[in-house]
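Here is the structure we will look at, set down as structure tokens.
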Amino acid sequence: MKRPWFFWGLVAFLISFAKIIGMELSFIPILLLLLLYLPKKKWLILLIILRLLLMDNLPHDLQGQARIRSLSPLKEDNLVEIGGRTYLLSYQNLIEGVYNCSFTIEDFSAKRGPLGFCEKDYYSSLGISAKAIGWKGELVEERASLLTKLRKALYDRGQVFGDYQGLAYSLVFGLKEGLSPEEKGLFQSMGLMHLFVVSGLHLGIYYRAILRLTSYIGWPRIVGEALGLLLLLFFGFLSDFHVSSVRTILVILVETVAFHKKVKVDPIEMIGFIGLVIILYRPSYATSFSFVLGTISYGVLRISRDHSLIKMYLIMLPLQLLFLPEVRILNYLTNSLLAGLMGLLLPLLMLAFVFRPLAWISATIFTSLMGLLSFLNNSFFSWYLGALGWFSLIIFYLFIFLLPLFRESKVTYKLVQNKKFLLVVFALWLGILKFENSYRLEGVRFLDVGQGDASLIITEDKKTILIDTGKGRPIHDHLHSLGIKKLDVIFISHFDEDHSKELDKLNYDRLYFPKGSNYPGGYPLEKGDIINYQGLIIRILSPDVLYYDGNEDSLVMLVEYKEKKILYTGDVGVKRLAQIEGPKVDILKYPHHGSRHSLNQEYLKKIEPSMVILSYGNNRYGHPHKEVMDFLEDRFEYFETGKSGSFHLKAGGYRNY
């Protein structure tokens with residue numbers, strides 16, 4: 001085997017990935033084949049298995065002495081370090097130090113957001129095992145961590161940048177915690193968030209700057225390399241050894257040793273070796289987009305003879321589609337331009353942290369840059385491809401990862417060097433992506449929008465009907481992931497913020513809401529109204545007599561589509577439910593997020609829903625109430641968006657995502 005380290009790095013990654021997403025059985029035959037055909041490598045196979053076995057199940061309750069430190073000096077979240085593990089303790093502004101404590105362990109949500117984010121994968125990649133809830137603790141010894149003090153001092157120093165304090169701090173040190181929500185939203189939509197993570201771009205610029213400075217002074221190269229590595233370790237420590245910093249440090253270390261040993265480094269082998277080391281150190285990196293994206297982009301640039309940015313962007317495209325399901329041509333040009341400017345901008349900003357007079361120059365640059373990015377972000381040069389499904393993603397990267405192995409055979413080498421062949425493969429993959437997206441669009445969705453309601457219906461002819469909007473970013477992310485820029489119809493059950501807050505930010509053709517609502521434009525509805533919309537029948541069951549109570553006067557709608565009856569109930573309570581005629585339904589959207597004040601047992605027994613949907617998120621109201629859940633438990637099948645994400649009803653059944 002010409003490239004054993006790449007092979008074993010790939011094996012470790014695939015096995016770790018399968019383990020983390022709960023597909024352990026899939027790698028048993030792989031391990032058996034490896035043991036059969038590579039008996040001399042038993043030690044390495046056993047090492048991978050042993051490391052995965054160490055990812056044992058979490059305890060339920062913990063007590064004892066633990067160390068508390070801040071996750072960030074700019075947030076109230078804390079990290080609890082006990083028993084060799086780290087847990088996330090949120091919304092507790094605690095003093096750093098040692099505590100006698102007890103708490104309960106709760107796993108992170110495994111549901112994946114509309115644009116690819118998964119809480120469990122994200123925190124696992126940071127080395128955080130689970131959430132700590134029900135915290136009870138007594139401070140034994142106050143002990144501030146060096147990392148927190150250092151980050152706080154650097155952030156405070158950034159005051160010289162005025163309104164751009166957080167932006168400068170985040171850009172220079174690769175810590176996105178300093179960005180405002182508006183700045184973060186802009187950079188996410190432009191695909192520029194990688195600039196705010198300690199990565200090869202940052203560390204490469206700083207390392208080369210040290211080498212040039214020491215060379216200019218006349219110091220030996222080895223002194224410059226030693227100082228450069230110390231600086232990299234400082235940035236690694238500052239990022240709490242984020243995977244991108246670890247990868248870059250290892251790359252530079254390997255290349256430095258190879259240079260002094262006069263050994264030529266095979267970039268593919270180096271990627272495999274470093275990937276293997278990182279996965280063995282922390283297998284959860286296998287689901288880290290920073291690890292996968294960074295490794296692939298670095299590999300493409302190192303392996304490609306022409307260092308083509310276009311080639312890198314094409315290979316990175318599928319992973320980027322998980323977060324931004326459209327291709328913006330100007331985004332790629334902006335990325336290339338800013339990547340080039342970073343070599344000048346980062347040293348200038350670093351000097352401005354030390355020499356205050358330079359800060360006004362940086363502020364001028366930031367003002368111009370933010371204005372330009374805001375303008376480009378509103379450009380219309382985009383091509384929607386759709387959010388990626390796992391099938392398309394796995395097929396694409398399985399082919400990419402196998403390319404280096406194909407190059408070892410003369411037959412397959414000639415094939416993968418043929419540009420026409422690669423173009424045909426890429427076209428076939430785009431066809432698979434389009435087919436997968438068309439299959440996933442149609443149907444009825446109950447969307448996970450946190451503590452709120454939103455449901456989306458997409459008909460066979462791609463007409464879109466939204467029932468309630470929820471509150472905040474989630475509805476926009478859902479619509480964006482599906483390529484919906486304008487809705488055909490919106491129904492608002494009532495005008496509480498958790499049902500209607502985003503209405504003014506959405507584009508739509510027609511709006512319906514309950515009678516008695518004071519909203520300009522749109523069409524009020526009341527009991528008896530029927531809307532027939534291209535095969536979709538919507539019958540309004542309430543309101544009739546108004547109570548002038550926002551919740552009780554909610555729209556209650558019976559939706560009939562594809563031989564399914566779905567009852568939407570807004571936030572009505574027991575009083576209104578008692579007055580509504582109850583046809584038997586297939587799906588009930590339980591009223592008021594699972595409130596006990598909406599629990600009408602006789603009504604539920606009368607309509608006999610096959611499935612009950614409870615839409616809620618983190619809240620202080622106790623939704624869904626225990627009394628409601630106890631009643632539903634033995635009588636109905638139910639689905640909770642707060643635990644399982646969004647619910648998609650299709651002709652062939654349903655799925656959650």
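Bear in mind that the values in this text are calculations on the coordinates, not laboratory data. Since this is a predicted model, take the numbers as computed values, not measurements. Please note: Cβ atoms are built from the backbone with ideal geometry, for glycine as well, and neighbour counts cover all protein chains shown.
If each of residue 365 and residue 91 carries a label point 7 Å out from its Cα toward its Cβ, how far apart are those two points in nm?
4.1
Ratio of Rg to Rh for the stretch 570-657, alpha carbon only, Kirkwood?
Across the stretch 570-657, the Cα-based Rg/Rh ratio is 0.95.
Pop a pseudo-label 7 angstrom from the Cα along the beta-carbon direction at both residue 650 and residue 398 and give the gap in nm to one decimal.
Taking the simple label geometry, residue 650 and residue 398 are separated by 1.9 nm.
Just check the stretch 442-656 against the gyration tensor rule for me: Cα atoms, a ≥ b ≥ c as the square roots of the eigenvalues, rounded for a/c under 1.5, and otherwise prolate or oblate depending on whether a/b exceeds b/c. Show your work: numbers first, answer last.
On the way: a/c = 1.28, a/b = 1.15, b/c = 1.11.
Judged from the Cα gyration tensor, the stretch 442-656 comes out rounded (a/c under 1.5).
Exceeding 32 Å between C-alpha atoms, which entries from my cross-link table qualify? They are 515/565; 485/565; 120/485; 120/626; 261/420; 120/414. Please list the in-between numbers first.
Numbers: 515/565 23 Å; 485/565 28 Å; 120/485 30 Å; 120/626 26 Å; 261/420 41 Å; 120/414 42 Å.
Flagged as over cut-off: 261/420; 120/414.
Report the full-extension gain for the segment residue 621 to residue 497: residue separation times 0.36 nm, less the Cα-Cα distance, to one decimal in nm.
Details: separation 124, 0.36 × 124 = 44.64 nm, distance 1.52 nm.
The residue 621-residue 497 span can extend by a further 43.1 nm.
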